[in-house]
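Please treat every number below as a calculation from the coordinates, not as lab data. Everything numeric here is computed off the predicted structure, so don't read it as measured data. Cβ atoms come from the backbone with ideal geometry, glycine included; neighbour counts cover every protein chain shown.
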Amino acid sequence: MQHISRRVQACACLGPSLRPFFDIIATMAGEVISLGIGEPDFATPTVIQAAAIQALQAGRTSYTSNYGMIELRQALSEHLARLYGVRYAPQDEIIITVGVSEALVIALMGVLDPGDEIIVVEPCFTSYVPDVVLAGATPVMVAARPEDDFAVRPADVAAAVTPRTRAILLGYPNNPTGAVMPRDRLEGIVALAQRHDLILISDEIYDRLVYGVTHTCLGALARERTIVLGGFSKDYAMTGWRIGYACAPAVLTEAMLRVHECFLMCASMPAQDAALAALREGEEAVQQMVRTYDQRRQVLACGLNEIGLPTAEPKGAFYTFSRVSHLGLTDIEFADKLLREEKVAVVPGSAFGQSGSGYIRCCYAQKMDQIEAALDRMASLVRRLGA
Ligand SMILES: Cc1ncc(COP(=O)(O)O)c(C=O)c1O
């Protein structure tokens with residue numbers, strides 16, 4: 001009998017895995033319209049690709065500093081100062097990571113002890129809770145409410161604070177709801193964190209993907225106690241490059257670096273060169289992608305409401321979050337039926353936490369004609385369900 005660690009067993013008990021669902025999709029490849037996976041449908045912009053090709057050809061294929069290349073950290077420091085008015089020292093307040101996935105793990109492992117509680121705002125990205133459990137801490141879930149367009153209430157977070165609370169983890173612009181946190185709500189969270197001396201871990205991977213609203217970087221409001229996680233996967237269509245970053249005061253980055261240097265050592269050098277090119281030359285491509293997502297967002301959100309799936313206007317990321325609970329099926333049953341009968345893949349909301357049940361997430365990083373066809377197919381199912 002093989003021994004499986006209790007940490008991993010605890011993760012396995014956390015909730016329904018999406019793996020069987022994606023296995024079905026794989027067997028139907030070609031016929032299915034996917035609004036499922038949260039990944040840009042654009043190729044990485046050519047200026048960014050070119051930098052990586054050049055890196056490879058120039059033999060730039062070695063390890064870098066554990067913190068990441070200093071030129072990239074300098075460019076990132078300038079970039080964040082320009083966008084959000086918060087400045088991190090390139091020398092010791094920025095770590096280049098293997099995606100936000102790694103940044104999240106090193107942040108949690110860097111600041112949490114077994115027995116600590118961390119408040120996790122849900123619905124949320126599927127890795128948050130397993131990552132907390134793997135770090136040995138206890139996630140305490142707080143639901144953002146649909147009537148607030150999923151911007152969490154500081155008072156709801158306050159009600160979950162106990163003497164064991166160490167940190168709050170939140171991700172806005174949000175996956176899966178598309179919510180963006182208004183600045184005054186973030187200020188309420190900051191005041192709470194100051195009152196209880198809590199660390200804020202803010203996953204801002206979708207920071208550039210906002211539509212008609214402004215993203216507020218939490219680090220700009222509470223620099224001394226915030227770990228900002230950011231990345232290139234979504235903003236620059238670089239999911240497969242595996243590159244991201246964590247920014248925080250040096251006392252926190254030093255703790256994270258301890259984990260990073262023994263787990264990953266550094267992100268790949270060609271990917272770091274590509275990220276540098278993204279910051280220096282990628283702005284036009286970002287703006288173009290944002291314009292395209294915005295058009296699709298409007299078509300999808302309006303279309304979903306029209307066919308009878310109530311959907312709040314998403315202000316960020318590239319997701320809509322629609323209620324299906326009135327159709328007499330669970331979100332998992334609806335998604336399964338939609339896939340089998342109409343060949344449209346969406347993600348059941350319960351994958352993103354208990355408060356997501358009764359909803360489905362659609363990703364509009366998909367061509368417009370596919371979005372329109374998916375809407376027609378969804379309308380057929382909704383009609384058959386008698387709504
Ligand atoms: C909110 C959120 N955080 C982090 C990640 C992981 O990003 P990365 O590709 O940088 O590891 C994702 C990916 O879907 C995400 O949606």
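From the mean inverse distance of alpha carbon pairs (Kirkwood) and the Cα radius of gyration, derive Rg over Rh for segment 232-386.
1.09
Sorted by packing (mean other beta-carbon atoms within 10 Å per residue), highest first, where do 345-357, 33-45 land?
345-357, 33-45
When the expected Rg is taken as 2.2 N^0.38 Å, what fraction or multiple of it is the alpha-carbon Rg of the chain?
The chain yields a ratio of 0.97.
What's the magnitude of the charge dipole for the chain around its Cα centre, counting Lys and Arg as +1 and Asp and Glu as -1 at the beta-carbon? Answer in Debye, nearest 20.
280 debye
Got a sec? How would 245, 63, 172 order by Cβ neighbour count within 10 Å, fewest to most?
Ranking 245, 63, 172 by Cβ neighbours within 10 Å, fewest first, gives 63, 245, 172.
Can you tell me which aspartates and glutamates have their Cα less than 16 Å from the Cα of residue 367? Leave out same-chain residues fewer than eight positions away.
31, 39, 41, 294, 376
Among 191, 68, 119, whose Cα lies farthest out toward the positive end of the dipole of segment 47-281, if unit charges sit on the beta carbon of Lys, Arg (+1) and Asp, Glu (-1)?
Value: 68.
From the alpha carbon gyration tensor of segment 20-149, can you work out the equivalent ellipsoid semi-axes (sqrt of 5 times each eigenvalue) and give them in Å, largest to smallest?
30, 27, 17
Order by neighbour count: 109, 28, fewest other Cβ atoms within 10 Å first, most last.
Neighbour counts put them in this order, fewest first: 28, 109.
Which percent, to the nearest 5, of DSSP beta bridges fully inside the chain are antiparallel?
45 percent
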